[in-house]
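The values are calculated or read from the model by the stated rules, or taken from the named source; none is laboratory data. Bear in mind that the values here come from a model prediction, so they are computed numbers and not experimental data. With ideal geometry, Cβ positions are generated from the backbone for all residues, glycine too; neighbour counts draw on all protein chains shown. All accessible areas refer to the heavy atoms of the entire protein, side chains included, with ligands and DNA or RNA removed. Shrake-Rupley method; radii C 1.70, N 1.55, O 1.52, S 1.80 Å.
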Amino acid sequence: MYNFRTDLAVERREIFKKANKIENEIEGVEAEEVIDSEEITTTRVKITTEEGEKALGKPIGNYITIDIKKIKNIDEDGIQNAADILSRELKSLIDEQIGKAEDILVVGLGNEYVTPDSLGPKAITEIDVTRHILNYMPEYLEEGTRPVSAISPGVLGTTGIETLEILKGIVDNIKPKLIIVIDALASRSIERISSTIQIADTGIVPGAGVGNTRKELSKKTLGIPVVALGIPTVVDIFSCNAKNKKD
């Protein structure tokens, strides 16, 4: 298997095709690119077979990448457009897995005290949690509101507990039907830092992109679907140096 040094399926696909001089598509992989606007492109990579799984080092499933060009210069309408696209793609993956009113647990992975690893914990503070309100004051919410709970479990280095072990205990007690995991990702391109979003319906292996692999969070390990959402916040410096030399 290649040492991809990236969490992004779209980058792994590019690397594998280039290394193997493949002009069309990798066996067991399907890809589609949609230009949503001048600034935003959505790429859907679907791994369909074991051959594709081995080629990209990712489980069989769907990987959706939303690229936002020149994000520093984008206006409010552009940001709202990106949010709408993210909402559309995330909703589509969720609706394929569970009913419209079934429980969701949102998990923010990472260390809130380390800037590039703090995406997950910071995102959790912005989640509208509803599970407790539905339990104790349902009259204050619209009928059909989905129960949502959220947690930031910390990291092994500060808790001494694997994230998988923490989540197993929560899943056994509150019994959500689906987990959304939010985490910082690794990329091979500095242009993707804070401007690319990847959504996957295959779960996540925390730390895999930077060689600090933790226990897998997926339907296989937790017993319920796991949708992973991430944004690159770190880049492989060796990849950047190699690219600069070629340029």
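For region 153-201, filtered to residues that are open to solvent by 50 Å² or more (accessible area, probe 1.4 Å) and among the small types (Gly, Ala, Ser), the residue that is nearest to Ser118 (Cα to Cα) is Ser194. Scanning region 133-150 for residues that are in contact with a Gly (Cβ under 8 Å, 6 or more places away or on another chain) and open to solvent by 50 Å² or more (accessible area, probe 1.4 Å) turns up nothing. Suppose we filter region 1-52 for residues that are more than 18 Å from the chain's Cα centre (by Cα) and of a type in the set (Val, Ile, Thr); how many remain? Residues in region 1-52 being more than 18 Å from the chain's Cα centre (by Cα) and of a type in the set (Val, Ile, Thr): 8 in total.
Among the residues of region 138-165, those that are β-branched (Val, Ile, Thr) and within 16 Å of Ile104 (Cα to Cα) comprise Thr145, Val148, Ile151. Look at (1) closer than 27 Å to Leu56 by Cα; (2) without any contact (Cβ under 8 Å) to a residue 12 or more places away in the chain and you find that Gly169 fails only one, number (1). Scanning region 56-84 for residues that are farther than 16 Å from Ser194 by Cα, part of a helix (DSSP H, G or I) and open to solvent by less than 40 Å² (accessible area, probe 1.4 Å) turns up just one, Leu56. Summed over region 107-125, residues that are open to solvent by 50 Å² or more (accessible area, probe 1.4 Å) and either farther than 17 Å from Ile197 by Cα or in contact with a Cys (Cβ under 6 Å, 6 or more places away or on another chain) (or both) total 5.
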